[in-house]
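Here is the structure we will look at, set down as structure tokens.
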Amino acid sequence: VQLQAYGGGLVQTGGSLRLSCAASGRTFSNYAMAWFRRAPGKEREFVAAITQTGSSTYYVDSVKGRFTISRDNARNTLYLQMNSLKPEDTAVYYCAGKIWNMELVPTNKFDYWGQGTLVTVSS
């Protein structure tokens, strides 16, 4: 599956952005999906994941209550709604996917990656 993330940009503290990830090439509904991010000078970090049906989600503690991961399998698209953004959310955000058929949400070992989209939160 090919993945393309977009929707990043510059936003002020407290603002919102919605990232999207368009999938093509394979059956999107066979893939669990996730968002990761890499902040300047830091390692890549798991942000959120969602099962192939969208019935289960999981978030890193630092974004719980502020970010929402969702998907539209009919449109082959993954989303990340980011609210109440903080400067520490500044990073390149990546979408990722893996073949999956369980309701347990995976958080690592994703096989397919999109290019990143930069989110900058100004203070």
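Scan region 79-97 and tell me whether some residue there is in contact with a helix residue (DSSP H, G or I) (Cβ under 6 Å, 6 or more places away or on another chain) and without any contact (Cβ under 8 Å) to a residue 60 or more places away in the chain.
No, that holds for no residue.
Checking the structure you have, find out if any residue of region 56-73 is open to solvent by 20 Å² or more (accessible area, probe 1.4 Å), in contact with a Gly (Cβ under 6 Å, 6 or more places away or on another chain) and of a type in the set (Phe, Trp, Tyr).
No, the conditions are met nowhere in region 56-73.
For Tyr6, only one of the following conditions fails: (1) over 21 Å from Tyr112 (Cα atoms); (2) touching a residue at least 60 places away in the same chain (Cβ under 8 Å). What is its number?
Exception for Tyr6: condition (1).
Does any residue of region 34-43 turn out to be in contact with a Ser or Thr (Cβ under 6 Å, 6 or more places away or on another chain), over 19 Å from Lys86 (Cβ atoms), surrounded by 16 or more Cβ atoms within 10 Å (Cβ to Cβ) and among the aliphatic types (A, V, I, L, M)?
no
With Glu103, Glu88 as the choices, which residue is part of a helix (DSSP H, G or I) and exposed (fewer than 13 other Cβ atoms within 10 Å of the Cβ)? Steps first, answer last, please.
Numbers: Glu103 fails: part of a helix (DSSP H, G or I).
Just one listed residue meets the conditions, Glu88.
Would you say Tyr112 is at pLDDT 95 or above and open to solvent by 30 Å² or more (accessible area, probe 1.4 Å)?
So Tyr112 passes the test.
Within the set of pairs 6 or more residues apart or between chains, which connect a residue that is in a loop (DSSP other than H, G, I, E, B) inside region 25-40 to a residue that is hydroxyl-bearing (Ser, Thr, Tyr) and open to solvent by 20 Å² or more (accessible area, probe 1.4 Å) with Cβ atoms less than 7 Å apart?
Ala39/Thr90
With the requirement that a residue be under 11 Å from the mean Cα position of the chain (by Cα) and open to solvent by less than 20 Å² (accessible area, probe 1.4 Å), what does region 1-31 give you?
Ala5, Leu19, Ser20, Cys21
The values are calculated or read from the model by the stated rules, or taken from the named source; none is laboratory data. Please read all numbers here as calculations on a predicted model, not as lab measurements. Backbone-built Cβ (ideal geometry, glycine too); neighbour counts: all protein chains shown. Each accessible area value is taken on the protein alone, full model and side chains, heavy atoms only, with ligands, DNA and RNA left out. Shrake-Rupley method; radii C 1.70, N 1.55, O 1.52, S 1.80 Å.
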